[in-house]
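Here the structure is laid out as structure tokens; the discussion comes afterwards.
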Amino acid sequence: MRIVYRVLSIILITIKWLSIIIVVLILLLFVGPFWKKWVVYPRMEREVQALKELYQQPEKKIPLPSFQGALHAHTYWSHDSRAVLEEIVPAAKAAKIEFIFLSDHKRDNMDTFPRSYHGMYEGILFEAGTESNNLMVTPLKDTVLDWNLGQDQVIQQVVEEDGMVLYVHTEVSHDWGNPHYQGMEIYNIHTDFKDEGGRLFGFVLNSMVNAGKYRHWAYREIFDEQIEIHALWDSLNQHRKIIGYGAPDVHNNQSIRARFQEDGRVEWVGSNAKTISIRQPGWIEKLLLEEADEAGWVYKAELDTYFHSLHYVQTHIFADSLDSRSLKDHLVQGHAFVSFENLLEAKGFEYAAYGKDGELIGIMGDEIPLREIQQLKVSSPYPVQFDLIKDGDLILSTESKYHFEYTPIGHGNYRITARIPLNGEWVPWIYTNPIYIR
Ligand SMILES: [Zn+2]
């Protein structure tokens, strides 16, 4: 009997301590997210607010208007997205997006254009494109691309017929020596997400705790500077112009959602926009379902919404007008910069080259003879730290200010990273394309 009691008491003590340890571990898991919710994010919000109050409208020197938008985004046409205009357009408006160059996954090797959304929708320009083999292909005309021809031939054909080919997912290997493609992603949310590895669980937990007011900061927790990709970009530009742009790569497919079908059953949609189940509404539905949103969803637990992705990273293009042809022509010339728009609005930021008489002789992306150039000038609507990068090397970092001027003394590719102070770091806010001094 005694032995039985002893064994029982040992078991009970073990259970008690195990439960205490489990409870403590669970509490510890939430310490970080709640610390962020109550201390870190409110402080970051105040820091950004303080910067916003320092806004000064810069003098506009570049004669072209600029348009901000998304390059690389998905719709229902892709197998891994369910997005329709009712979801995308309000999100784009809230993020102040003016254009979206889509990159839907192709459904067939005979790839027909245009399809999905194409044209103006409530003032937002949509252009059709394909993402395939880590290329984003935008033919800019009614055509059928034959992917059976092979990648090289598709690239050459599209570019020679005045379309655009960009390299997406630049963390994976590409034919970097291909002579036809025009640009590459220097930031992609999905690329950045992939390197989270062991931090992913913490990221999801934090996103749940901070799903409300500070959702944008929780989403930005994935941010890392893409140092290797930028080194590659700089080295490629030593050979020929390869423009850089930022990609939201938005799908809204890291989510659990539900909607009614016409037959009254409920479709539950999970990760990668795949159907989890189609069922008659039962007690779960009674408990969870709410009124349908504009796209018809009656339940949503979402991570990568259109608004949060479109607001996170944008590309600003200096172009003649808001039409696909003009945007493309100027983008492939490098008349563009990348902004992390959810930090601060980047409209008004300029980077240009000036001649001996102080006249503007070129902007980011342009090639300019050294003998003609007097100064490179950058101006920002907020005080920032300007990093001047020449051929991949950081040659100068300023203190925080609105304007920066530099007289180049040698040939090379000069680009700017503008940084703001946030949470104890100087984080990148803007990456410009280089000015190529020949
Ligand atoms: Zn994509």
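Find the all-direction average of the projected area of the Cα convex hull for the chain, expressing the result in square nanometres with one decimal place.
Projected area, direction-averaged: 27.8 nm².
Using only C-alpha positions, report the orientation-averaged shadow area of the convex hull of the stretch 281-355, nm², one decimal. The number I arrive at for the stretch 281-355 is 8.3 nm².
Below 18 Å, Cα to Cα, which lysines can Lys328 reach? Residues fewer than 8 away in the same chain don't count. Candidates past the 8-residue exclusion: Lys141, Lys241. At a Förster radius of 35 Å, what calculated FRET efficiency corresponds to the Cβ-Cβ distance of Glu290 and Leu25, to the nearest 0.05? The value I calculate is 0.60. Over all Cα atoms in the stretch 1-128, the spread is summed up by Rg and Dmax: 28.1, 94 Å.
Restricting the GluC sites (Glu not before Pro) of the stretch 65-133 to loop positions (DSSP other than H, G, I, E, B) with no more than 15 neighbouring Cβ atoms within 10 Å leaves Glu122. Cα convex hull, the stretch 308-412: 124 Å³ per residue, rounded to a whole number. Taking a sphere under 14 Å around the Cβ of Ser397 and counting the other residues whose Cβ falls inside, with K and R at +1 and D and E at -1, yields a net charge of 0. Anything over 32 Å Cα to Cα? Flag those among Lys106/Lys300; Lys106/Lys347; Lys61/Lys194; Lys36/Lys96, in the order listed. Checking Cα-Cα distances, Lys106/Lys347; Lys61/Lys194 exceed 32 Å. Between Ile368 and Tyr436, Ile437, Arg438, the built amide H atoms are under 5 Å apart, and every one of these is 5 or more places off in sequence or on another chain.
Coupling constants for the stretch 189-201 follow from the phi torsions by the Karplus curve (6.51 cos²θ - 1.76 cosθ + 1.60, θ = phi - 60°), and in residue order they are 4, 5, 4, 5, 5, 5, 8, 5, x, x, 8, 4, 4 Hz; glycine and proline get x. Ellipticity at 222 nm from helices only: DSSP H runs of n ≥ 4 in the chain, each -39500 (n - 2.57), divided by the residue count, give -8000 deg cm²/dmol.
Helix 2-35 and the long axis of the chain differ in direction by around 30°, with both axes built from C-alpha atoms. Over the stretch 255-302, the ratio between the Cα radius of gyration and 2.2 N^0.38 Å evaluates to 1.02.
Working note: Karplus 6.51/-1.76/1.60 with θ = phi - 60° gives the stretch 298-303 the couplings 9, 8, 9, 10, 10, 10 Hz, where Gly and Pro are set to x. Remark: the stretch 352-357, residue by residue, has Karplus-estimated 3J(HN,Hα) of 8, 10, 10, x, 4, 9 Hz, where x stands for each Gly or Pro and the curve is 6.51 cos²θ - 1.76 cosθ + 1.60 at θ = phi - 60°. With all protein chains kept in place, the per residue accessible area of the stretch 255-302 amounts to 64 square angstrom at a probe of 1.4 angstrom.
Below 12 angstrom from the Cβ of Tyr76, what's the summed charge of the other residues (Lys, Arg +1; Asp, Glu -1)?
Details: positive: Arg82, Arg107, Arg115; negative: Asp80, Glu86, Glu87, Asp104.
Taking every Cβ under 12 Å from that of Tyr76, the sum is -1.
The values are calculated or read from the model by the stated rules, or taken from the named source; none is laboratory data. Small disclaimer: the values here were computed from a predicted structure and weren't measured. Reconstructed Cβ throughout: ideal geometry from the backbone, glycine too, with neighbour counts over all protein chains shown. Just the protein is used for accessible areas: all its heavy atoms, side chains included, with ligands, DNA and RNA removed. Shrake-Rupley method; radii C 1.70, N 1.55, O 1.52, S 1.80 Å.
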